[in-house]
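Have a look at the structure below before the remarks.
Bear in mind that the values in this text are calculations on the coordinates, not laboratory data. On a predicted model such as this, the values are computed, not experimentally measured, just so you know. Neighbour counts run over all protein chains shown; Cβ positions are idealised from the backbone, glycine included.
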Amino acid sequence: MNFSSSNEIGRLIVIEGGDGLGKSTQARALKDRLESEGKIVKEYDFPSKSGTPIGRLIGDFLMGKFGDTSPEFLALAFATDRFSQRKHIKDDLEKGAIVVCDRYVLSNIAFQTAKLDDFERGKELENLLIWLEYGEFALPRPDLEIVLTATDAYYQEGSHLLRTDDPKRDYISGAADIHEGSSSLQLKVNSYFRELPEAVNRKKIAIEDEWGIRKSIDKLHGLIWQVLGELSH
Ligand SMILES: Nc1ncnc2c1ncn2[C@@H]1O[C@H](COP(=O)(O)OP(=O)(O)OP(=O)(O)O)[C@@H](O)[C@H]1O
Ligand SMILES: Cc1cn([C@H]2C[C@H](O)[C@@H](COP(=O)(O)O)O2)c(=O)[nH]c1=O
């Protein structure tokens, strides 16, 4: 893995996108593939699901325990959760590991600004999060953001809610959380990701083919692997 990086030795790869698009599945497949090639890989999943106090607080919010919460203040909780893992991520990168994150800063911007109808307020929140998370908190910047996208129909049909049992969802008791339960939020977030410009280190991958049929797990993994290959040349 030799694509250019702002990180010293390791590489930070982030899988992003709306809820229930297969991010965790792809993060795991990528980790397995990289490990089978002899790489050291560390995986992080945000918000933290390992029972940290801040991860539990966020889980409580997602379960609806706090009712309406201002997007600005909620975004600070997600940012603090990531900050709590910063040292571990930095250490992993310094040791040369490939760090694969299931969600990162972009999720905070996408979900929390999507709740704001006022465009200017959304822009202010986006700028605040970039300043806070990459500036003040000095989180490492991703070397590659893979953004999964879907059609509106995917969310209108509730496909994001169909899932097999996932032990990582224990922090919200496996139930659909308040983000997942809001189809208007999901549609806004999904269109945010769909409209996001691509860049050298940001690639979008549609989870459905041109006929609206969901691509297989292996097919999507192949597309992600191809992106990594293209960046390495
Ligand atoms: N390409 C695919 N085709 C069919 N089912 C899939 C595919 N990818 C993942 N799934 C299934 O969809 C469900 C959601 O997948 P996953 O947990 O990976 O999504 P996610 O984007 O990480 O979800 P969340 O946003 O809630 O964290 C799981 O039951 C998973 O097995
Ligand atoms: C990291 C992060 C996440 N969110 C949102 C995105 C989801 O709706 C939930 C929980 O994430 P999961 O991967 O589905 O468990 O939280 C957010 O708003 N801000 C963030 O930084």
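Looking at the chain, identify the longest residue range that excludes and avoids all GluC sites (Glu not before Pro) in DSSP loops having at most 13 other Cβ atoms within 10 Å. Between the exposed loop sites, the longest stretch runs 38-156.
Across the stretch 11-232, counting alpha-carbon atoms alone, Rg and Dmax equal 16.7, 48 Å.
Each of ILE15, ILE9 has some number of other Cβ atoms within 10 Å of its Cβ, and from fewest to most they run ILE9, ILE15. The residues packed around ALA138, meaning those with a beta-carbon under 12 Å from its beta-carbon, carry a net charge of +3 if Lys and Arg are +1 and Asp and Glu are -1. Only helices enter this figure: runs of n ≥ 4 DSSP H residues, each worth -39500 (n - 2.57), summed and divided by the residues of the chain, yield -13000 deg cm²/dmol at 222 nm to the nearest 500. For the chain, modelled as a Gaussian network with Cα springs under 10 Å, which listed residue fluctuates most, ASP177, ASP117, ASP92? Most flexible of the set in this elastic network: ASP117. The residues packed around LYS115, meaning those with a beta-carbon under 12 Å from its beta-carbon, carry a net charge of -2 if Lys and Arg are +1 and Asp and Glu are -1.
Packing-based ranking of 22-29, 50-57 yields 22-29, 50-57, ordered from highest to lowest mean Cβ neighbour count within 10 Å. Candidate cross-link partners of LYS39 among the aspartates and glutamates, defined by an alpha-carbon separation under 17 Å and a same-chain spacing of 8 or more, comprise GLU8, ASP91, ASP92, GLU94, ASP143.
Expressed to the nearest 5 percent, the antiparallel share of DSSP beta bridges inside the chain is 10 percent. The label point for MET63 and the one for VAL200, both projected 7 Å from the Cα toward the Cβ, are 4.6 nm apart. Of the cross-linked pairs LYS31/LYS203; LYS90/LYS115; LYS65/LYS87; LYS87/LYS115, those separated by over 27 Å at the C-alpha level are LYS90/LYS115; LYS65/LYS87; LYS87/LYS115.
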